[in-house]
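Below is one structure; the comments refer to it alone.
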Amino acid sequence: MEKYTVRCITIEFIEDPQQGLSKDVETGTQPSHDANESEEARFPRQISANPGSLFNVANYIGCAVSIVLLVLSLYWGDGMSFIATLLLSALSSLAGLVNKCNIDPQKRNQKRSVPIGDVVVRYPNGSMVVVKCHENVARELFFAPEVIKYFVEEAWICRLISLSGTLMLMGGVICLASSEKKSQIAWAVSYILINILYWLAAALPPRHHWNTSRYNTVEHSISTGHRCDDYTTALWKAMCAAKCPKKDEQVEDMSEEIDHWAKISGALPRSEAWEKWLTSAKEKADEARFGPESGSMKKYDYNWDRARDCIIVPDFDPVAKWNELTGIEIQDRT
């Protein structure tokens, strides 16, 4: 995001794991499902790799290239190239086997009343994202430790596989160096092609690599726009978005939470003037509400192509208030 940009999004489970009910965040109704569709297909219980990502496409192409190299080695009668292809192809499979893993999202085992799960993400360039979500969603995406379950968990098995891979790499390189020139050229072209694909895949944003179908994400517009000219205005808009109650939610006093977040996270400098500014801004931010008006909206992500429930920012000039308080503080000191 560009500097001093404020966004507000709502993230909900497509199906509530606590109640087993499907809910569409756009309409609040239960979405229709195929009667023959499995529960796991409708609501995956783990965040997994996206089957259609460019990384997987590169893997499929790499497998096809290995088969082509094997066929060409047999056609040319180049036994050393054939052995090199077998060894180096098996090496990549072993490396994938050692690193194969799944992310196990941590869930709350006890069913009791929990605090709201809204999160404010602050970036180094002064941009902020206000995430409105249930505590279970916040726990899974932001707070809970990532528990990674590897396919091969025994350390001695991993070391044995690594040793085998090293020997296969050395043997493959020796065999490839002893193969015919045309086989080496075919290998060089294949290596360059596969590396280009992997570099392109690594350049894509992370959202293209992960299957996040268990979540439904909606972005909200802001009546005064997402972009800000300075950090003070961005902080003010983030406070308004944070204090806006979600749909069908009772209005709660968020002053203490915002005060704690602004001070502990370092979003607010520690000074008497900023303390007074925060008090005034919190009182005015209580008037922030969701409304039907449409604010200026930029499509940062094609997945969020619709803005719903515009956040109505109260009439308040945070910079003018800061200048006023700063002037008062200077006069007091003199």
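The values are calculated or read from the model by the stated rules, or taken from the named source; none is laboratory data. Predicted model only: the values in this text are computed from it and were never measured. For neighbour counting, all protein chains shown are included, and Cβ atoms are generated from backbone atoms with ideal geometry for every residue, glycine included.
A few points about this structure:
- Extreme residue, surrounded by the most Cβ atoms within 10 Å (Cβ to Cβ), among residues of the stretch 116-170 that are farther than 25 Å from A49 by Cα and polar (S, T, N, Q): S127
- For the stretch 218-249, residues that are over 15 Å from M128 (Cβ atoms) and modelled with pLDDT under 80 total 5.
- Between E252, E256, the distinction of being in a helix (DSSP H, G or I) and modelled with pLDDT under 80 belongs to E256 only.
- Scanning the stretch 9-23 for any residue that is at pLDDT 85 or above and under 30 Å from I196 (Cβ atoms) turns up nothing.
- Here the strands (runs of 3 or more DSSP E) wholly within the stretch 116-162 that include at least 2 residues being within 16 Å of the chain's Cα centre (by Cα) and not assigned by TED's automatic domain parsing to the domain that holds Y231 are 119-122, 128-133.
- So G171, is it touching a helix residue (DSSP H, G or I) at 6+ places or on another chain (Cβ under 7 Å) and outside any helix (DSSP H, G or I): no
- Filter pass, S179 being at pLDDT below 90 and not in a helix (DSSP H, G or I): no
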